[in-house]
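Engineer: Before I ask anything, let me first share the structure, which is written out below as structure tokens.
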Amino acid sequence: MRDFHLPGRSPVFATNGMCATSHPLGAKTAIDILERGGNAMDAAIAGALVLGICEPQMTGIGGDCFVLWQQGDGDVQALNGSGRAPATLDAAQLRAAGDQTVALRSAHSVTIPGAIDAFCHLSEIVGKIGLDAVVAPAISAAENGVPVAPRAAFDWGQDAATLQGKARDFYLMDGEVPAVGQIFRAPGQADVLRRIAKSGRAAFYEGEVAQDMIDTLNAIGGHHTAADFANAAATHTTPVSGAYKDIDVVEHPPNGQGATALLLLNILAQFDIAAMDPFGATRTHIEAEAAKLAYDARNRFLADADYTTRLDHMLSMDTAKQLAALIDPKKAMAQATSISESVHKDTIYITVVDRDGMSVSLIYSIFHGFGSGIASDKFGILMQNRGAGFTLEEGHPNELKGGKRPMHTIIPGMVRRNGKVIMPFGVMGGAYQPNGHARFASNLVDFGMDPQTAIDAPRAFSDNGNMRVERGYSDQTRQDLSDMGHNVSIPDVPIGGAQAILMREDGVLEGASDPRKDGCALGY
């Protein structure tokens, strides 16, 4: 139970349905859909689309998504809504031009947006109330506008300099970052969403809307074609999972990085984490060292599914034991590798559980703040820069190739106990996400924290030689970590953001939402 003498949020309890996400208007939208007879999938999609208007620097219809869902006694199902590189783009072309990486804000960084195809598909095969009803709240939000929330305004200011050309007209107000409470409108997106509500995915991937994106990108050197957009299609996948003591953590398979969280938990299982101070130097050090090794494995092995050939090796407990043996409990190792081809912090996550027990875990992103910084000229669709997640290294599993998906940082999660899903959850924060999944699971299992307390708890993350340690840790812990060889700093921006819904045995839903974000858990 929460200690009310300490700062933090109270969990939210309800019985008919629950949503937890990073913006209150997204949560309210999801609950409205549930109350109107929609199921958890309808609610999650509707809420996610609204979040694209509330937090445009984080996500939008020019981005990708991954989704896990489960109902009744059925298996957890997964859908990969991530897009592919243009068919005629190849790493060799960029190497020949002298590039060493895919430029973050270039047309080459823009993969085909996959989320809209995924949302339309899921609305048809899983949802109940129809695509038009699911899209309607986002149309209203885009047309009538939403007040800019405090954390959204902060992130907007951090990332506004990346906006290019006409994107500055669509996402700034008279050239300035919107103030807290100022109304942001996106009439071009309202138009696009109306077309999608009427005609489905074809309204986005074919015709005028697709051509707007193609023309904008090709005017600045892109290789995008009408066929690239028309051929976009989400893929049903089989989740991967791993045991950590008495729970199983379920993740989306590659090209997502969920396997990294499972490897990290397997490494942590080689140590008696429960005997450590949850906010002491020893646990923080072991977790950081384990993360360095797990992320190194990720960068070597994970890519598009057809190119990820050593997943079984990565998830093997023997691999975890060998890696754990490399950890010195008293001394920090050098960063095993750079954390990723390109790191970011900008994502939204939404989870919904309905009265029939369907649970949905959905994550939706344009990668970096404001994605590529490129918006389509007519409709203002802000396009992701997920292609920057490719490597240009010849022969690497994650090498850029036409029609290929890049390694992805966004990962939805679920927790099972005794074969039954008990909690959909997610942790935003780019590269931090696998570390965040593992820490959340450890907080629950090793230290008996309830979901809200596990989310509120301070975080640390060792990233490219810098260990960011949130203010909730003691000065002594920071000093001890420094003495171990970590380069310790206190971050200006909180590390990540998490949401979760516990499906209790008594039928009560317990929602938890991260105070690091603007959002909330909301039930009815």
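The values are calculated or read from the model by the stated rules, or taken from the named source; none is laboratory data. The model shown is predicted, which means the values in this text are computed figures rather than measured ones. A quick note on method: Cβ atoms are made from the backbone with ideal geometry, for glycine too, and the neighbour counts reach across all protein chains shown. Areas reflect the complete protein model, heavy atoms only, side chains present, ligands, DNA and RNA absent. Shrake-Rupley method; radii C 1.70, N 1.55, O 1.52, S 1.80 Å.
Engineer: Rounded, prolate or oblate: which fits the range 387-427, taking a ≥ b ≥ c as square roots of the Cα gyration tensor eigenvalues, rounded meaning a/c under 1.5, else prolate when a/b beats b/c? Numbers along the way, then the final one.
Structural biologist: Details: a/c = 4.25, a/b = 3.23, b/c = 1.32.
Taking the square roots of the gyration eigenvalues as a ≥ b ≥ c, the range 387-427 is prolate.
Engineer: Convex hull over the alpha-carbon atoms of the chain: what's its volume per residue in Å³?
Structural biologist: 132 Å³
Engineer: Could you give the distance between the Cα centres of the range 276-300 and the range 77-122, to the whole Å?
Structural biologist: Cα centroid to Cα centroid, the span is 30 Å.
Engineer: Need the list of lysines near K166 for cross-linking: C-alpha distance under 17 angstrom, and skip anything on the same chain fewer than eight residues off.
Structural biologist: Qualifying lysines at Cα under 17 Å: K378.
Engineer: Roughly how many percent of the accessible protein surface of the chain is carbon and sulfur, given a 1.4 Å probe and a whole-percent answer?
Structural biologist: Looking at the chain in its full context, I get 49 percent from C and S.
Engineer: Give me the net charge for the shell around R194: Cβ to Cβ below 11 angstrom, other residues only, Lys and Arg +1, Asp and Glu -1.
Structural biologist: -1
Engineer: Would you list which lysines come within 17 Å of K517, measuring only between C-alpha atoms, while excluding same-chain residues fewer than 8 positions from it?
Structural biologist: K28, K345
Engineer: Let me ask another. Ranked highest first by average number of other Cβ atoms within 10 Å, how do 156-166, 101-111, 27-37 line up?
Structural biologist: Details: 156-166: 17.9, 101-111: 23.4, 27-37: 21.4.
Going by the mean number of other Cβ atoms within 10 Å, highest first, we get 101-111, 27-37, 156-166.
Engineer: If packing is taken as the average number of other Cβ atoms within 10 Å across a peptide's residues, how do 444-451, 173-180, 281-288 rank, most packed first?
Structural biologist: Top of the packing list down: 281-288, 444-451, 173-180.
Engineer: Please report the net charge: other residues with Cβ closer than 11 Å to the Cβ of L163, K and R +1, D and E -1.
Structural biologist: Taking every Cβ under 11 Å from that of L163, the sum is +1.
Engineer: Using every Cα-Cα pair within the range 271-317, state what percent have a distance larger than 18 Å.
Structural biologist: Details: 482 of 1081 pairs.
Tail of P(r) above 18 Å: 45 percent of Cα pairs.
Engineer: Starting from the Cα gyration tensor of the range 97-143, take the square roots of the eigenvalues, sort them a ≥ b ≥ c, and report rounded, prolate or oblate (rounded when a/c is under 1.5, otherwise prolate if a/b is larger than b/c, else oblate).
Structural biologist: It is oblate, given that a/c is not under 1.5 and a/b is not larger than b/c.
Engineer: Under a cut-off of 16 Å between alpha-carbon atoms, report the aspartates and glutamates in cross-link reach of K128, not counting same-chain residues fewer than 8 places apart.
Structural biologist: Here the aspartates and glutamates satisfying the reach criterion relative to K128 are D32, E35, D42, D354, D356.
Engineer: Next up: Given an 8 Å cut-off on Cα distances and at least 6 residues of separation, report the relative contact order of the chain as a percent. List each step's numbers first, then the result.
Structural biologist: Working: 1283 pairs, mean separation 140.0, N = 524.
Relative contact order here is 27 percent.
Engineer: Using the beta-carbon distance between R417 and Q100 and R0 = 60 Å, what value does 1/(1 + (r/R0)^6) give for FRET efficiency, to the nearest 0.05?
Structural biologist: 0.85
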